[in-house]
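K.L.:
One structure, as structure tokens, below. Some questions next.
The values are calculated or read from the model by the stated rules, or taken from the named source; none is laboratory data. Worth saying up front: this structure is predicted, and the values here are computed from it rather than measured. Neighbour counts run over all protein chains shown; Cβ positions are idealised from the backbone, glycine included.
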Amino acid sequence: MKQFFLLFVLAILLTSCKNDPENSEEFQTEQDSTSVSSEEREFKVLDSEYITADSLWVPFEKDLDEFTSEVYEEVKALVFEKSIPEIQESIASGKLTYEELSLFYLTRIREYDRENELSLNSVISLNPDLIAEARKKDEQLKNSTNNHPIYGIPVLLKDNINTKAMPTTAGAEALKGNQTGDAFIVERLKKKGALILGKANLSEWAYFFCGECPSGYSAVGGQTLNPYGRKIHDTGGSSSGSGVAVAANLASVAVGSETSGSILSPSSSNSIVGLKPTIGLLSRGGIVPISSTLDTPGPMTRSVIDNAILLSAMTGVDSEDPASSVAKQPANLYKDLKNSSLKGKRFGVIKSLKSDSLYVRAVADLEKAGATIIEYEAEEIDLPNFLRLLNLDMQKDLPEYFKKYGGEVDFQNVQDVVDYNAMDSVKRAPYGQALFLGILKDSASTEEFAAIKDTLKTNGTRFLSKPMKEHDLDAIISINNYHAGYAAVAKYPAITVPMGYTSENQPMGLTFISEPFSEKQLLEFAYAFEKTSKRRKTPKDYNE
């Protein structure tokens, strides 16, 4: 059987990110993901050796025992596949409580996520104080008004994002005791009243570790599986657990992170909405890094309105993050989304992508909704030394994380982690640690490193800005994470929205890319497309 591994760096970045389907391994790798046979894949490691039933469920046993199947069904009618505004309407009317909402998701995680024929392995840990915190939200709601829409909503965090309630492992056995404070964006979420549901599985070290491992694998979390084709379709990486959990209604919303494609890929692969913001719009403080040049967290949700709500709840200036301290802070991102229109908008369609029938149909949807479509031949532009940028950033950024944000772990740098894994590679690094070894071998002078970054930014910006200016475009339309590398180095935001499914039931996403700090416009484009197309469907085995 043909194995398909969406290698974050090796497949997307080292192929120079060419846009011609005939020559682009990035494009061809994504195409491979849609044509994998329906046979089940075999994985070297499937289930976690570190997650036990006791560690997850002991804090919730009594409350879950009292949450009967009858109550579950009543709550499901109000919550399943519902948007945050719809859930908040049920709360406001007294039909639902935040405690019941939290218990609903806990019930689904217990049912679908570990060690059964439908298990997805998307959640690494749960907040043991969730129910107590939900009850507190219910009580406080009686005397509060004008809450942010995220108030009381359980949010799942990718497990490279620090929070006090649970260790932050990045999926690595080396960090299983990394008990930290809250990341800046988690502080913002809590300030606005969000509940932290738990931590999501991920491709270990955000897919910058093993090189030859499947996306969605981590030593701590095991192998994440796609609900649209369990053991068949790729989950996308590295925010795999975030994408899978949201798709299967194991969480209201989730937070992922992206360096190049790590939100866009799992969002499109799991038929949800994922937004990669402009670098600096959201703080990176307290997030296990790959690259301070390119890293950003971002929202992953089932609907565009929820995406706007979650994004707005995380914004704010972090004086400790240089990119955040100079970023433009957006106005209300979710207000007036219902009035979004595509009339008069100009979208660039890359001719080489028109071999994809779902893309052609989505473009027709945009045109029917009033958009003007401009087809163009994308310029072939390389992104040289992309891998070296990541290597050189990681050499300095990981030690800074350990020093400034890390918990009680005995590591100072990449070499320490490599040495630790080598002592028991069968359990700690069954697929090897080739990319970490590559980090150790790389070096550059200050001037050379600056030149690498400058060339990448110049090339990536040219690929996107040249057609946008020449054709007066509002956005460029792509597929999945096909052009994530360009958006990454140009620091352009991008949003992907479900656009349909292949004959093998592989989800695909339509991706809008536009200029820095155009998130509000991207959300409007995505909302209008979502309303027009209504392509998302629930994975059929996870409807109960």
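K.L.:
For the stretch 107-128, what are the residues that are in contact with a Pro (Cβ under 8 Å, 6 or more places away or on another chain), buried (at least 21 other Cβ atoms within 10 Å of the Cβ) and part of a loop (DSSP other than H, G, I, E, B)?
P.N.:
Matches in the stretch 107-128: LEU120 only.
K.L.:
So, in the stretch 441-485, of the ones that are aliphatic (A, V, I, L, M) and in a helix (DSSP H, G or I), which residue ends up farthest from GLU379 (Cα to Cα)?
P.N.:
That would be ALA450.
K.L.:
Would you check if there is a residue in the stretch 51-66 being under 19 Å from LEU225 (Cβ atoms), assigned to a loop (DSSP other than H, G, I, E, B) and not small (Gly, Ala, Ser)?
P.N.:
Scanning the stretch 51-66 turns up at least one residue that is under 19 Å from LEU225 (Cβ atoms), assigned to a loop (DSSP other than H, G, I, E, B) and not small (Gly, Ala, Ser).
K.L.:
Could you check TYR405 against (1) more than 30 Å from PHE449 (Cβ to Cβ); (2) touching a Gly at 6+ places or on another chain (Cβ under 6 Å); (3) among the hydroxyl-bearing types (Ser, Thr, Tyr) and say which number it fails?
P.N.:
(1)
K.L.:
For LEU387, indicate whether it is crowded, with 16+ Cβ neighbours inside 10 Å, outside any loop (DSSP other than H, G, I, E, B), aliphatic (A, V, I, L, M) and at pLDDT 95 or above.
P.N.:
Against the criterion (crowded, with 16+ Cβ neighbours inside 10 Å, outside any loop (DSSP other than H, G, I, E, B), aliphatic (A, V, I, L, M) and at pLDDT 95 or above), LEU387 qualifies.
K.L.:
Still on this structure: Restricting attention to the stretch 267-295, which residues are assigned to a strand (DSSP E or B) and in contact with a Lys or Arg (Cβ under 8 Å, 6 or more places away or on another chain)?
P.N.:
Selection gives VAL273 alone.
K.L.:
Give me the residue from the stretch 497-517 that is part of a loop (DSSP other than H, G, I, E, B) and in contact (Cβ under 8 Å) with a residue 60 or more places away in the chain and, out of that set, farthest from THR278 (Cα to Cα).
P.N.:
Top of the filtered list is GLU504.
K.L.:
Does the stretch 94-104 contain at least one residue that is of a type in the set (Lys, Arg), in a loop (DSSP other than H, G, I, E, B) and either over 22 Å from the mean Cα position of the chain (by Cα) or within 22 Å of TYR542 (Cα to Cα) (or both)?
P.N.:
Yes, the stretch 94-104 contains a residue that is of a type in the set (Lys, Arg), in a loop (DSSP other than H, G, I, E, B) and either over 22 Å from the mean Cα position of the chain (by Cα) or within 22 Å of TYR542 (Cα to Cα) (or both).
K.L.:
Could you tell me which of the residues ASP393, ASP397 is in contact (Cβ under 8 Å) with a residue 12 or more places away in the chain, part of a helix (DSSP H, G or I), crowded, with 21+ Cβ neighbours inside 10 Å and acidic (Asp, Glu)?
P.N.:
After applying the criteria, what remains is ASP393.
K.L.:
Please find, within the stretch 403-431, the residue that is farthest from GLN179 (Cα to Cα) out of those that are of a type in the set (Val, Ile, Thr) and not in a loop (DSSP other than H, G, I, E, B).
P.N.:
Top of the filtered list is VAL426.
K.L.:
Whether any residue in the stretch 403-414 is closer than 30 Å to VAL363 by Cα and of a type in the set (Gly, Ala, Ser) is what I want to check.
P.N.:
no
K.L.:
Given the conditions (1) surrounded by fewer than 24 Cβ atoms within 10 Å (Cβ to Cβ); (2) assigned to a helix (DSSP H, G or I); (3) of a type in the set (A, V, I, L, M, F, W, C), report the number of the one that VAL244 does not fulfil.
P.N.:
Going through (1) surrounded by fewer than 24 Cβ atoms within 10 Å (Cβ to Cβ); (2) assigned to a helix (DSSP H, G or I); (3) of a type in the set (A, V, I, L, M, F, W, C) one by one, VAL244 breaks only (1).
K.L.:
Could you look through the stretch 456-476, keep only residues that are surrounded by fewer than 23 Cβ atoms within 10 Å (Cβ to Cβ) and of a type in the set (Val, Ile, Thr), and pick out the one that is nearest to ILE373 (Cα to Cα)?
P.N.:
It comes out as THR461.
K.L.:
Would you be able to tell me the number of residues in the stretch 47-83 that are polar (S, T, N, Q), farther than 23 Å from GLU173 by Cα and surrounded by 15 or more Cβ atoms within 10 Å (Cβ to Cβ)?
P.N.:
Within the stretch 47-83, residues that are polar (S, T, N, Q), farther than 23 Å from GLU173 by Cα and surrounded by 15 or more Cβ atoms within 10 Å (Cβ to Cβ) number 1.
K.L.:
State all residues of the stretch 138-172 that are buried (at least 23 other Cβ atoms within 10 Å of the Cβ) and among the charged types (D, E, K, R); if no residue qualifies, say none.
P.N.:
Listed by number, the residues that qualify are LYS158, ASP159.
K.L.:
If a residue has to be touching a Gly at 6+ places or on another chain (Cβ under 6 Å) and part of a strand (DSSP E or B) to count, how many in the stretch 486-496 make the cut?
P.N.:
1
K.L.:
Any chance you could count how many residues in the stretch 189-236 are in contact (Cβ under 8 Å) with a residue 12 or more places away in the chain, outside any strand (DSSP E or B), under 30 Å from LEU141 (Cβ atoms) and touching a strand residue (DSSP E or B) at 6+ places or on another chain (Cβ under 9 Å)?
P.N.:
Here the count works out to 2.
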